[in-house]
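The values are calculated or read from the model by the stated rules, or taken from the named source; none is laboratory data. What you see is a predicted model; the values in this text were computed from it and never measured. Glycine gets a Cβ as well: all are built from the backbone with ideal geometry, and neighbour counts include every protein chain shown. Just the protein is used for accessible areas: all its heavy atoms, side chains included, with ligands, DNA and RNA removed. Shrake-Rupley method; radii C 1.70, N 1.55, O 1.52, S 1.80 Å.
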Amino acid sequence: AQSVSQHNHHVILSEAASLELGCNYSYGGTVNLFWYVQYPGQHLQLLLKYFSGDPLVKGIKGFEAEFIKSKFSFNLRKPSVQWSDTAEYFCAVVIKGNTGKLIFGQGTTLQVKP
Amino acid sequence: GAGVSQTPSNKVTEKGKYVELRCDPISGHTALYWYRQSLGQGPEFLIYFQGTGAADDSGLPNDRFFAVRPEGSVSTLKIQRTERGDSAVYLCASSPDNNYGYTFGSGTRLTVV
């Protein structure tokens, strides 16, 4: 079965540190890729998405992600985190041509210390 | 409304009772999805509606779970004979057609005691 794996369950960083959250998926065909963020007490919000084209995708709030097809990876990065980035981050995939259902990873909790 | 609305935001029920969870999608969004998020996990797909019909219900865990969308807008997720293991946050998302432009609601936190 298709799955998404997020390597880090809980990450603690100081403000201004660089961030990289790992995401790998298991599916050999064409996928669309997403990163969602859930701030405390809020609903899931889209950070960025990749459908096709340039594998380096820029999203909101200074986040970016790189799709590496050969590694089945879609890692999320931010050069300098802020305290307000404290949240839970979810990687998700949609298999193209399927019903559009998102397959989520288990999430990474990011805690940024001021 | 501007977003996806889910009611109630919190529901506490006794084991064995029946519950209904409501999702009001963004107007005009034909695709509607239900997910379930257990503590410490990512959301898991339950069911997908395209218009009024359930196009994919492969994620429903068993026959105690059922969902409807009779007029192609509001959807209701129904859980019979609730069990403590059903405790989770139930999320709804809608999208214009099936084009991956999902908007999520804030969810219903269901607690079965």
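Only one of A:Ala16, A:Ala87, A:Ala1 is more than 19 Å from B:Ser106 (Cα to Cα), at pLDDT 95 or above and of a type in the set (A, V, I, L, M). Can you tell me which?
A:Ala16
Do we have any residue at all in the stretch B:72-85 that's touching a residue at least 40 places away in the same chain (Cβ under 8 Å), of a type in the set (Ser, Thr, Tyr) and under 22 Å from A:Gly107 (Cβ atoms)?
No: zero hits.
Restricting the search to the stretch A:28-50, which residues are without any contact (Cβ under 8 Å) to a residue 40 or more places away in the chain, assigned to a loop (DSSP other than H, G, I, E, B) and either surrounded by 15 or more Cβ atoms within 10 Å (Cβ to Cβ) or among the charged types (D, E, K, R) (or both)?
Of everything in the stretch A:28-50, just one residue is without any contact (Cβ under 8 Å) to a residue 40 or more places away in the chain, assigned to a loop (DSSP other than H, G, I, E, B) and either surrounded by 15 or more Cβ atoms within 10 Å (Cβ to Cβ) or among the charged types (D, E, K, R) (or both), namely A:His43.
Do we have B:Phe66 as more than 17 Å from B:Ser5 (Cα to Cα) and aromatic (Phe, Trp, Tyr) here?
For B:Phe66, the condition - more than 17 Å from B:Ser5 (Cα to Cα) and aromatic (Phe, Trp, Tyr) - is met.
Of the residues B:Lys15, B:Lys11, B:Lys78, which is touching a strand residue (DSSP E or B) at 6+ places or on another chain (Cβ under 7 Å), outside any strand (DSSP E or B) and modelled with pLDDT of 95 or more?
The unique qualifying residue is B:Lys15.
Give the residues of the stretch B:67-113 that are more than 14 Å from chain A (Cβ to nearest Cβ) and of a type in the set (D, E, K, R), sorted by residue number.
Passing the criteria: B:Arg69, B:Glu71, B:Lys78, B:Arg81, B:Glu83, B:Arg84, B:Asp86.
Pick from B:Tyr33, B:Tyr48: which is within 8 Å of chain A (Cβ to nearest Cβ) and without any contact (Cβ under 8 Å) to a residue 40 or more places away in the chain?
None of the other options fit; the residue is B:Tyr48.
Go through the stretch A:96-110 and give me each residue that's hydrophobic (A, V, I, L, M, F, W, C), within 14 Å of another protein chain (Cβ to nearest Cβ) and open to solvent by less than 10 Å² (accessible area, probe 1.4 Å).
Pass one, the stretch A:96-110, residues hydrophobic (A, V, I, L, M, F, W, C): A:102-104, A:110.
Filter once more, keeping what is within 14 Å of another protein chain (Cβ to nearest Cβ): A:102-104.
Within the stretch A:96-110, A:Leu102 is the sole residue that qualifies.
With the stretch A:58-114 as the region, which strands (runs of 3 or more DSSP E) entirely inside it contain at least 1 residues that are over 18 Å from B:Gly42 (Cβ atoms) and within 15 Å of the chain's Cα centre (by Cα)?
A:64-68, A:73-78
Condition (residue is open to solvent by 40 Å² or more (accessible area, probe 1.4 Å), within 13 Å of chain B (Cβ to nearest Cβ), in contact (Cβ under 8 Å) with a residue 40 or more places away in the chain and part of a loop (DSSP other than H, G, I, E, B)) applied to the stretch A:13-23: is it met by at least one residue?
The answer is no, given that none of the residues of the stretch A:13-23 is open to solvent by 40 Å² or more (accessible area, probe 1.4 Å), within 13 Å of chain B (Cβ to nearest Cβ), in contact (Cβ under 8 Å) with a residue 40 or more places away in the chain and part of a loop (DSSP other than H, G, I, E, B).
When you scan the stretch A:69-80, do you find a residue that is crowded, with 20+ Cβ neighbours inside 10 Å, closer than 24 Å to B:Leu32 by Cα, at pLDDT 95 or above and not hydrophobic (A, V, I, L, M, F, W, C), even just one?
Scanning the stretch A:69-80 turns up no residue that is crowded, with 20+ Cβ neighbours inside 10 Å, closer than 24 Å to B:Leu32 by Cα, at pLDDT 95 or above and not hydrophobic (A, V, I, L, M, F, W, C).
Quick check on B:Ser87: is it of a type in the set (Ser, Thr, Tyr) and over 22 Å from B:Asp97 (Cβ atoms)?
Considered against the rule, which asks whether it is of a type in the set (Ser, Thr, Tyr) and over 22 Å from B:Asp97 (Cβ atoms), B:Ser87 comes out as yes.
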